[in-house]
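Scroll down for the structure; my scribbles are underneath it.
A short reminder: the numbers here are calculations on the coordinates, not readings from a lab. What you see is a predicted model; the values in this text were computed from it and never measured. Please note: Cβ atoms are built from the backbone with ideal geometry, for glycine as well, and neighbour counts cover all protein chains shown.
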Amino acid sequence: MTASQIIFYTISAFILGSGLLSVTSTKIFRSAIWLLFSLVGIAGLYFWMQVEFVAAVQIIVYVGGIVVLIIFSIFLTQESGKEMPKPSMRKTIFSVLAALFGFAFTYNLIDEYGFPIGNAKPFNVAVSDIGTQMLSTTDFGYILPFEVVSMLLLASMIGCIVIAMKTPEHEPGEPKEVMLDNNEDAPAPTVVIIPSVPEPLIIAEV
Amino acid sequence: MNEVPLTHILFVSTALFFIGMYGLFTRRNLITMLMSIELLLNSVNINFVAFNKYLYPDKLDGVFFAIFIITIAAAEAAVAIAIVINLYRSHKSIDVEDAAELKF
């Protein structure tokens, strides 16, 4: 067993263990921290696979962005020390069965497929290659998905602001204005309007 | 370098996928369900990068798919958290059982 294998199995056990704790922990804040460990472990797996760019993106976006966002939203919406109610026994049993059977079925397929043993070519991802192919307009270039994803990010940014914006509550001045408008609609002589204006004002303030 | 067979990496990603699925089934809190979805997306990313490394080492498509999935996951998480905060403002709870106005 070489060092590379030992590193791989250690990282895998770390990922799976913290992922399992993340979905079973009853305190939501601990759950978020276990998710953080799991994502860091996945970044380590990318480093082990020598795709350093994806590992860096994983750390920046997931660990630095999404987990921090999740922790903020936990603080905004929950009492983070409170225990969450446990799922019912029936639901737990059926979920475990579904996950186990699904895993057994899928891994059976993977195991029997017999992937070709890799041609052991070195897999070196240079960031300059990624950049060139990402912005190339020739065949196998990714300029169109790149632009579409930039539009998606813009749309989601505006959408988040619109969704989370606080709708202004009704100011006490608003019904006053409405009543004034109603009064002005009536074709009354100007002499009558002047005494009629204070009346709705008093009603609205009471 | 290829001392670890591909099936072992696929074992890890498959196990992570079904761990996330278990979380999605048992949790009833919107934020924890979002965390389970992040686990699912990450397991798919591991698959893409591993297939690219082991089966097509002279191409880069798996890496591109992984990068785009990470981008879309970030956008999805941001929109989901905006919805969660808005839901908390109107219902004082982010349990999925409490938000049942559109159920029937």
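Structure notes:
- Using alpha-carbon coordinates, inclination of helix B:30-55 to the longest axis of chain B, degrees: 10 degrees
- Distance cut-off 25 Å, percentage of C-alpha pairs in the protein assembly as shown lying past it: 60 percent
- Segment A:Lys86-A:Leu109, extension gain: residue separation times 0.36 nm, minus the distance between their alpha carbons: 4.9 nm
- Lysine pair count for the protein assembly as shown (Cα-Cα distance under 13 Å; residues 8 or more apart in sequence or on different chains): 4.
- For the protein assembly as shown, size of Cβ-based charge dipole, Lys and Arg +1, Asp and Glu -1, in debye: 1440 debye
- You can think of it this way: the chain between A:Phe101 and A:Ile6 has 31.3 nm of extra reach, that is 0.36 nm per residue less the Cα-Cα gap.
- Helix-only CD estimate at 222 nm, as mean residue ellipticity for the protein assembly as shown, using -39500 (n - 2.57) per DSSP H run (n ≥ 4): -24000 deg cm²/dmol
- A:Asn124-A:Val149 FRET efficiency (beta carbon distance; Förster radius 30 Å; 0.05 resolution): 0.75
- Simple rule: put +1 on each Lys or Arg Cβ and -1 on each Asp or Glu Cβ in chain B, find the dipole, and look at B:Leu16, B:Ala66, B:Val84; the Cα lying farthest toward the positive end is B:Val84.
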